[in-house]
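Colleague: The structure's right below; bear with me while I get my questions together.
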Amino acid sequence: MTKDAKNVMDAFLPYEKFCKVVLDGYLVVDHAGRIFKSNPEAAAMMGVSQKQLLKLDSFNDAIKITLMGNSLSIEDILKNEIPYRADQLEGVASNGSKVVLTLSYFPFLDAGVVIGAFILLRNMTGEMQRDKNYVNKSLNSITDPLTTLFNRRHLEEELAREEINLARMPLDSDHRNMTIIMCDIDHFKKVNDKYGHPAGDYVIKKVSEIFKESFRKTDVIFRYGGEEFIIMLPASESIGTAIAANKARVAIEKYKFEFEGVTIPIQISMGVAQIMVGQEAAAATIARADAALYFSKHNGRNQVSIHDGKEIVSFMAKTAA
């Protein structure tokens, strides 16, 4: 053993007993990144046997590590004179397997110079995959599979949360306003009956896309059920919301819905209601928006109506502008 190696091992000696109970992988390297000691867990992460690991010329030969897309070599690691931890490192082991790692680094110093280091490696691959699966599962539970819009369940959760937030805001705050648009595709049953359910699904998806393009990023769109949609518009009042709704209505009327070479005429009716903060529950606002939608339907369809809490009025002419 060289003098440098002996110095590194002497520096590691106080931690040796502790490392026998460590469940993570660990390595002891010298100033050049040569591995002098490891445990089976570290070797398994590198995709080699412990004996093979100790024969390598450098830590770099055991695993290639990147941090946010940038290469992180053992030389880069050993430049640090203070302990640190790096999370979510992506590694490619010598056998080609991919791992996600957390690396904890503790340098050994001699007269202020790094002569080696103790490196603790935690394999986060399984945990990251579980987290990803959990996020995907959670997202799937609140989104509609056909349109990828939020579903009715999530609408109820969001409304309950917004109801509390709005009540806490100052009375003169513009953000205390919020409106609801309820939408329904006109004569949708006839679309399914005449063109088939796949055509109906195409129309619903395309209408969803037009909504995403028409409304603000801060507006939240939900598929309420079947051909019905609800849009929640924070920091907005009835007239401004009705203008935005009408633009979306015109966009839908003008769009050429073409399925399997057949053009399907599509129009939509909408109802608008502004939440009366402190005076009614959000469910009552939805009921008013629904009543305004019903008014649009029975007043000729393809139009926007507003329920102001006292009466319902047709906002704009039904012909596309």
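Colleague: Apply the Debye scattering formula to segment 179-269, with a single equal point scatterer on each alpha-carbon and no solvent, then give log10 I(q)/I(0) at q = 0.22, 0.26 Å⁻¹.
Modeller: -1.07, -1.41
Colleague: Compute the Rg/Rh shape ratio of segment 3-129: radius of gyration over Kirkwood radius, all on alpha-carbon atoms. List each step's numbers first, then the result.
Modeller: Numbers: Rg = 13.6 Å, Rh = 14.5 Å.
Over the Cα atoms of segment 3-129, Rg/Rh equals 0.94.
Colleague: When averaged across all projection directions, what area in nm² does the alpha-carbon convex hull of segment 143-314 cover? Can you show the working numbers first?
Modeller: On the way: hull surface 38.0 nm².
Over all viewing directions, segment 143-314 projects a mean Cα-hull area of 9.5 nm².
Colleague: If you place +1 on the Cβ of every Lys and Arg and -1 on the Cβ of every Asp and Glu, how big does the dipole about the Cα centre of segment 226-321 come out, in debye to the nearest 20?
Modeller: Values: 9 positive and 10 negative charges, 57 e Å.
The calculation lands at about 280 debye.
Colleague: According to a simple spin-label model (label point 7 Å from Cα along Cα-to-Cβ), what is the distance in nm between residue 142 and residue 32?
Modeller: Spacing of the two 7 Å Cα→Cβ label points: 5.5 nm.
Colleague: At residue 52 and residue 110, where each label point lies 7 Å from the Cα along Cα→Cβ, what is the point-to-point distance in nanometres?
Modeller: For residue 52 paired with residue 110, the spin-label model returns 3.2 nm.
Colleague: When the Kirkwood radius is taken over all Cα pairs of the chain, what Stokes-Einstein diffusion coefficient follows at 20 °C and 1.002 mPa s, in µm²/s? All intermediate terms of the calculation are to be shown ahead of the outcome.
Modeller: Details: Rh = 24.5 Å.
In µm²/s, the coefficient rounds to 87.
Colleague: Hey, another quick one. Where does the charge balance sit around residue 70 when Lys and Arg score +1, Asp and Glu -1, over other residues with C-beta under 13 Å from its C-beta? Mind dumping the intermediate values first?
Modeller: Values: positive: 64; negative: 76, 90.
Around residue 70, the charge tally is -1.
Colleague: Modelling each spin label as a point 7 Å along the Cα-to-Cβ direction, I'd like the residue 88/residue 251 distance in nm, to one decimal.
Modeller: The modelled label-to-label distance comes out at 3.1 nm.
Colleague: Past the 27 Å Cα-Cα mark, which pairs from 205/297; 6/51; 212/310? Let's see the in-between values first.
Modeller: Numbers: 205/297 22 Å; 6/51 19 Å; 212/310 31 Å.
Check vs 27 Å cut-off fails for 212/310.
Colleague: Exactly which GluC sites (Glu not before Pro) in segment 214-321 are in a DSSP loop and have at most 10 other Cβ atoms within 10 Å?
Modeller: Working: sites: 227, 228, 237, 253, 258, 260, 280, 311; in loops: 227, 237, 260, 280, 311.
Those that pass, being in a loop and sparsely packed, are 260, 311.
Just so you know, all these numbers are worked out from the coordinates, no wet-lab data involved. Computed from a prediction, not measured in an experiment: that's the story for all the values here. Glycine also receives a Cβ, built like all others from the backbone with ideal geometry; neighbour counts cover every protein chain displayed.
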